[in-house]
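Below: the structure, in structure tokens.
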Amino acid sequence: MGLSVLLLVLDMFGAEALTRLVSVSDPRVSGKGVVSFSVTRIDRAKDTYASALFWINSGRRVRLTEFYGSIASPVWSPKGEMLAYVHTVRSNGKSQASVRTVSVYGGGPLTLYTEEDVGFTGLSWVSEDELVVCKREVVARDEGDAKRVSRIRYRLDNEGYFHNRRSHLFRLNVGSRKLRRITEGDFDVGSFSVDAASSRVYFASNMDADAETSLVKHIYEVPLSGGSPKRVVEWSGPINALNLSHKADRLAFLGHDMKHGHATNTKLYVASTTSGKVECMTDGFDRSLENSLNTDVRHRNTDLSPFWDRSDSRVYFVYTDRWITRLANYDFGSSSVKVVDTGKISVEGYHVVNETVYFTGLTWGEPADLYALKQGNGNLRRLTGFGKRSVRGMGFVEPERFTFTASDGEQLDGWFMRASRQPAKGTILEIHGGPRTAYGEVLMFEFQFFVNQGFNVIFCNPRGSSGYGERFALSVVGHYGERDYQDIMEFVEYAASKFNLDRSKLYVTGGSYGGFMTNWIITHTDIFRAAVTQRSISNWVSFYGTSDIGYHFTYDQIGGRPWDDLDRLWDKSPLKYVKNARTPLLIHHAEMDFRCPIEQAEQFFTALRELGREAVFIRVPEEGHELSRSGKPSRRIDRLKQMLNWFESH
């Protein structure tokens, strides 16, 4: 075989190549300098994901567990002699979660506690022989197979029903392997942090009368021996993650005050554990402290809580800045935010020891690997090559970034990926969800797949996206289908001119908010040859009461409730304009999607077919809103093929 033919064979790949991808996550460093991490790959035979724990000790990498099930919440014991983690196995609709440990002295994993059909949402060590665990437990049994629901929040996409469950804290003794309750009551424990020296634990929750509908959290403390929780920090909005300082005098937490609803920047706050006084550390830093980048190769269990350095002089956090997620810290000495330069590597997870940052990171062409960065001299080392090796020979195309000026003068970011084979079959516009997420320079296998199959791909971050400040995100609130729609359409026109694209072969697809926008586009213009709408929204009136977030998201984003503002919700619903649709449409929706329920797809499909329009409806069983990112691998492959076939046949 000639070299040119061999290279062609290596560069061509189908949707099945998704199963080759491997990613690294959850870096943790012990007090003894042992670096642990997990590696996730796809088990083709079992059609599922499988994770294993590794560590690097004195420069030697060792696999600690078999590739089996999922791994979450890894945490080192105080002396660095044991690593605890949660191991979950799902089979035949059931899940079994275990708390396990592995010792630096060998011997393999040890199961401390296991239970069927529960969820462990966090671990923390108290001492070398005791852990605090947070467990979602059943507090009321259903009668038969009927579900008795009495709370507005009773199910969550990708988690299922929890109408009869509460999350509470327990102590787990390593020797006896027995659980002892710390908290109980009609409330849920969120993020928590343990003060071992004072034998107490701090946690985020809401015990107020309006807790059922409120998104507000406060911080409470409770003795490790149990008792009535005491509110120590009063807050006015969500608390996403918290962490106690080493001196136990301050709590750092990520959250916001709901000033602009969901468009409010997540910020870093520090609260005194004695007075409860809260101070914002990033008030003038116009970025939201979260990882908002879209990718379909992410391991989703990475903890991004604020991280105190050993001296309590700095708190680390991540934030999305336009097209990359960066690591930074708030330095108390200089009262300023300092960015840690990781180059073109987007940070996924991290752990800091002295001046060395151990982090997992994505690039445009590789899944996450583990790196070490010395902050003083900027020396960056790659510690693993799992992600890099998994894409070897695929011939991925680097997205070309450019800026363009919208009609109102705003500078926007866009990207172009040229089809690997010319002439191109056409150009696919991809629209991200959210809307407060972002596209960036991290791997999207879906985009690479379409490019490899002969399509150009274009994508941008229109108004409403994350990574561009609060004003940018806020501009679409109450105005869906206005400036965001203009940005996207102006972007398409600009890209078509800049890259000399065939305007008769334009296609569009998007999911979630991107699905809403796809529906909006095809009911307001006919420039696209065909479209695929995924996990979409077509009717805000019904979305309000059927989505797991509908009751607060609809009011926040659209500005109304059905009984007060029916016209407003209907005016922003693509279904209202369905008679205008002429574009052939593939509707792709998962049947267990609780975020954008399948009734949204059913309504749109029914209307289109009654009107005699070309529309096909694909209903995917058992899957939820995360199908494209973490669904069963075979169904993810089928989805890519179904989308490709639709575009190719039109």
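No lab work stands behind these numbers, since they all come straight from the coordinates. Quick caveat: nothing in here was measured; it's all calculated off a predicted structure. Here the Cβ is made from the backbone with ideal geometry for all residues, glycine too, and neighbour counts use every protein chain on show.
Put the Cα centre of the range 333-359 next to the Cα centre of the range 518-541 and the gap is 40 Å.
The separation of the range 384-444 from the range 32-70, counted between C-alpha centres, amounts to 30 Å.
Across the range 520-531, computed HN-Hα scalar couplings (Karplus, 6.51 cos²θ - 1.76 cosθ + 1.60, θ = phi - 60°) run 5, 4, 6, 9, 10, 7, 10, 6, 9, 6, 7, 9 Hz from first to last residue, x flagging Gly and Pro. Among rounded, prolate and oblate, which fits the range 367-411 when a ≥ b ≥ c are the square roots of the eigenvalues of its C-alpha gyration tensor, a/c under 1.5 means rounded, and a/b larger than b/c means prolate? Note, shape of the range 367-411 comes out oblate. Magnitude of the charge dipole for the chain, about its Cα centre and with charges confined to Cβ atoms of Lys, Arg (+1) and Asp, Glu (-1), is about 1580 debye. Summarising the amide proton neighbourhood of residue 433: residues at separation of 5 or more, or on other chains, whose placed amide H is nearer than 5 Å comprise 511, 514.
Can you tell me the 0 to 90 degree angle between the C-alpha axis of helix 483-498 and the longest principal axis of the chain, rounded to 10? Rounded to the nearest ten degrees, it is 60.
Close amide H contacts of residue 232 (hydrogens built in the peptide plane, cut-off under 5 Å, sequence separation of 5 or more or a different chain): 219, 220, 221.
Relative contact order for the chain using alpha-carbon pairs under 8 Å, separation at least 6, rounded to a whole percent?
Computed over the chain, the figure is 10 percent.
Reducing the range 94-165 and the range 197-267 to their Cα centroids gives an inter-centroid distance of 21 Å. Give me the base-10 log of I(q)/I(0) for the chain at each q in 0.05, 0.08, 0.09, 0.10 Å⁻¹, Debye formula, one uniform scatterer per Cα, rounded to two decimals. Normalising to I(0) and taking log10 leaves -0.23, -0.60, -0.77, -0.97.
For the range 110-153, the list of trypsin sites (Lys or Arg not before Pro) that fall in a loop by DSSP and count at most 11 other C-beta atoms within 10 angstrom reads 141, 148.
By average Cβ neighbour count within 10 Å, what is the ranking of 526-534, 268-276 from highest down?
So the peptides 526-534, 268-276, ranked by packing, come out 526-534, 268-276.
Between residue 255 and 240, 267, 269, the built amide H atoms are under 5 Å apart, and every one of these is 5 or more places off in sequence or on another chain.
Considering only 363, 229, 592, and ranking their Cα positions along the charge dipole of the chain that arises from unit charges at the beta-carbon of Lys, Arg, Asp and Glu, the one farthest toward the positive end is 363. Applied to the range 26-38, the Karplus parametrisation 6.51 cos²θ - 1.76 cosθ + 1.60 on θ = phi - 60° returns per-residue 3J(HN,Hα) values of 6, x, 9, 10, 7, x, 8, x, 7, 9, 9, 6, 10 Hz, with x for Gly and Pro.
Normalised by the number of residues in the range 533-650, the average gap of Cα pairs under 8 Å and 6 or more apart makes the relative contact order 26 percent.
Checking the Cα-Cα distances for 498/579; 79/388; 46/344; 178/230; 32/632 against a 28 Å cut-off, the pairs over it are 498/579; 79/388; 46/344; 32/632. Helical runs (DSSP H, four residues minimum) scored at -39500 (n - 2.57) apiece and divided by the length of the chain put the mean residue ellipticity at 222 nm at -4500 deg cm²/dmol.
Residue ranges 61-67, 370-376, 200-206 sort as 200-206, 370-376, 61-67 when ordered by packing (mean number of other C-beta atoms within 10 Å per residue, highest first). Residue-wise HN-Hα couplings along the range 342-357, as the Karplus relation 6.51 cos²θ - 1.76 cosθ + 1.60 with θ = phi - 60° gives them from phi, are 9, x, 9, 8, 7, 7, 10, x, 7, 8, 10, 10, 6, 9, 9, 9 Hz; Gly and Pro carry x. Between Rg and the Kirkwood Rh of the range 367-481, both from Cα atoms, what is the Rg to Rh ratio? Answer for the range 367-481: 1.05.
Global size of the range 282-375: 12.9, 39 Å for Rg and Dmax (C-alpha atoms, Rg to one decimal, Dmax whole). Shape class for the range 541-650: oblate, because the ratio a/c of the largest to smallest gyration tensor axis (alpha-carbon atoms, square roots of eigenvalues) is 1.5 or more and b/c is at least a/b.
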